[in-house]
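Laboratory data are not the source of any read-out in this text; all were calculated from the coordinates shown. From a predicted model like this one, the values you see are computed outputs, not experimental measurements. Quick reminder, even Gly has a Cβ in these numbers, built from the backbone with ideal geometry, and neighbours come from all protein chains shown.
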């Protein structure tokens with residue numbers, strides 16, 4: 001028998017499922033007049049991007065995007081008309097030339113902002129790496145060497161990968177299907193595609209030798225698919241936003257299930273458990289660490305109603321339902337609570353012994369609340385990583401994903417979700433990241449990580465008009481140190497030199513060992529004269545302070561090349577050539593000096 005509290009909860013959930021909040025959007029007279037003047041809203045779509053978008057032989061527009069656009073159309077009472085295009089590349093070209101008013105389903109990027117303005121997200125889904133089954137899990141794409149990624153032409157992910165991971169070789173193809181085929185047949189190591197699309201295509205086309213192998217850590221690799229409206233039509237964007245913000249999480253779930261065919265049993269007496277089961281089905285693909293365990297749990301789920309309760313009781317981590325308050329007051333907590341937090345489930349219910357908020361590391365609490373506030377404003381799920389302190393005072397990293405539950409008046413009833421321990425993953429990521437990014441001898445960034453930082457600094461300069469200085473430093477006559485005192489003293493000299501650099505720079509500055517006795521230093525927001533001043537300060541300190549590395553302290557000197565970069569630099573090789581020439585001049589002029597050169 002269900003307790004009274006559970007009967008009330010199930011009753012509220014049934015009401016939520018039966019009632020709809022899909023009301024027409026109220027527009028001002030000026031907004032309605034604006035739409036009347038526009039007439040039919042023209043759009044260019046991707047004709048072959050299942051399950052998001054597809055235009056069939058009869059010209060029918062179908063898919064997740066089509067259903068979301070239909071909701072917007074109904075709530076604004078405006079027609080949308082497709083301007084036909086052959087492929088995605090032509091869609092972008094027609095849009096850029098003003099041949100249609102909007103593109104209904106795409107990511108926002110700096111390049112597209114040149115001619116489009118963007119609405120709030122219609123749909124959010126992570127991008128994941130797809131590899132063959134024999135490939136290892138990808139914790140940090142930056143550590144991959146000579147790996148090939150295949151992508152469709154013109155995607156935002158191509159733009160991001162080229163910028164963030166110059167270590168990857170990128171191939172582009174005309175057809176989404178070719179991405180999976182090339183990975184399956186070994187012509188490419190991986191592809192990066194939306195989780196929703198990957199789950200759909202792998203199952204539909206039978207790519208059973210492929211798997212989800214990782215997710216880029218940066219937030220911009222999550223698809224926030226929006227409507228892109230021509231820049232001169234910001235009024236239309238604002239009106240579309242009004243309709244988009246009325247789309248509920250429940251409506252999005254129904255659309256996803258319609259096209260991706262997430263199968264689950266429909267029962268009334270266990271509605272909440274089935275909603276949690278469907279939610280866990282989505283989380284299953286994202287949280288691939290626990291894929292095997294969740295798959296077994298779902299096999300039990302489909303067998304009987306009894307096994308639905310078993311799933312909630314035995315899933316890894318803690319399934320929960322809580323109030324939306326500052327204490328995250330728990331109304332339901334699964335048995336996994338004790339393993340995760342050290343507290344029994346009943347000790348968290350209604351904050352009987354402890355509230356969940358008191359378990360969260362204090363520095364993380366405000367940010368968590370802000371993430372949930374943002375999710376509520378956008379009516380989207382929330383996805384977080386943060387730290388908790390368990391009953392035995394152990395600090396754990398956890399991953400949480402949850403959704404708001406609303407009543408028929410759009411009031412928040414609470415939150416449902418899942419919290420999982422990711423401490424091992426975080427520790428491995430930090431260790432791998434540190435190993436991959438630092439020079440073992442000096443502790444400074446290595447050449448590969450420096451090149452990534454330089455690329456990012458160039459992008460910032462280009463986007464925001466900032467300037468930065470770049471220094472190339474070379475210890476004079478370093479070979480003679482190794483020859484006279486041995487390599488141990490040489491290594492100690494490099495370590496001391498690195499320590500001197502760190503003592504003379506700001507926290508925001510980026511020192512790196514470029515190779516051998518050659519070092520690089522990036523000074524953000526620093527002009528040429530400022531860079532020269534820092535270089536001279538370092539040079540003079542080394543000239544007058546002996547190195548305590550050998551049998552007796554000895555002096556070293558350093559030659560330094562300096563340049564400053566602004567928006568005119570587009571590639572790292574350009575600025576590296578200039579600063580290398582400056583260093584060459586310093587050495588050629590007798591060493592122990594600084595030479596600055598303009599771009």
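Computed values, structure above
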| read-out | value |
| --- | --- |
| Degrees between helix 29-38 axis and first principal axis of the chain (Cα, 0 to 90, nearest 10) | 80 |
| Distance (nanometres) between label positions extended 7 Å along Cα→Cβ at residue 395 and residue 73 | 5.3 |
| Length released on extending from residue 62 to residue 48, taking residue separation times 0.36 nm less the Cα-Cα span | 4.0 nm |
| Per-peptide average of other Cβ atoms within 10 Å, ordering 30-36, 49-55, 77-83, 253-259 highest first | 49-55, 253-259, 77-83, 30-36 |
| Tilt relative to the chain, helix 572-588 - C-alpha long axis, 0 to 90 degrees, to 10 | 10 |
| Angle in degrees between helix 423-437 and the longest Cα principal axis of the chain, rounded to the nearest 10 | 30 |
| Sites residue 245 and residue 339 - FRET efficiency at Förster radius 30 Å, r taken between beta-carbons, to 0.05 | 0.20 |
| Virtual spin-label span in nm between residue 90 and residue 533, 7 Å along Cα→Cβ | 5.9 |
| Packing-based order for 101-111, 455-465, using average beta carbon neighbours within 10 Å, highest first | 101-111, 455-465 |
| Gained length - residue 363 relative to residue 81, 0.36 nm times residue gap less alpha-carbon distance | 96.6 nm |
| Segments 588-594, 139-145, 225-231 sorted - mean Cβ within 10 Å per residue, highest first | 225-231, 139-145, 588-594 |
| Modelled FRET efficiency - R0 30 Å, residue 171 with residue 464, Cβ distances, 0.05 increments | 0.45 |
| Average Cα contact separation per residue, the chain, under 8 Å, 6 or more apart, as relative contact order % | 10 |
| Cα shape, region 438-596, gyration tensor, a/c 1.5 rule | prolate |
| Correct choice for semi-axes √(5λ) of the Cα gyration tensor in Å that was computed from the model, options (1) 50, 33, 23; (2) 41, 32, 26; (3) 38, 33, 26 | (1) |
| Residue-span extension gain [residue 208 to residue 487] - 0.36 nm each, minus C-alpha spacing | 95.2 nm |
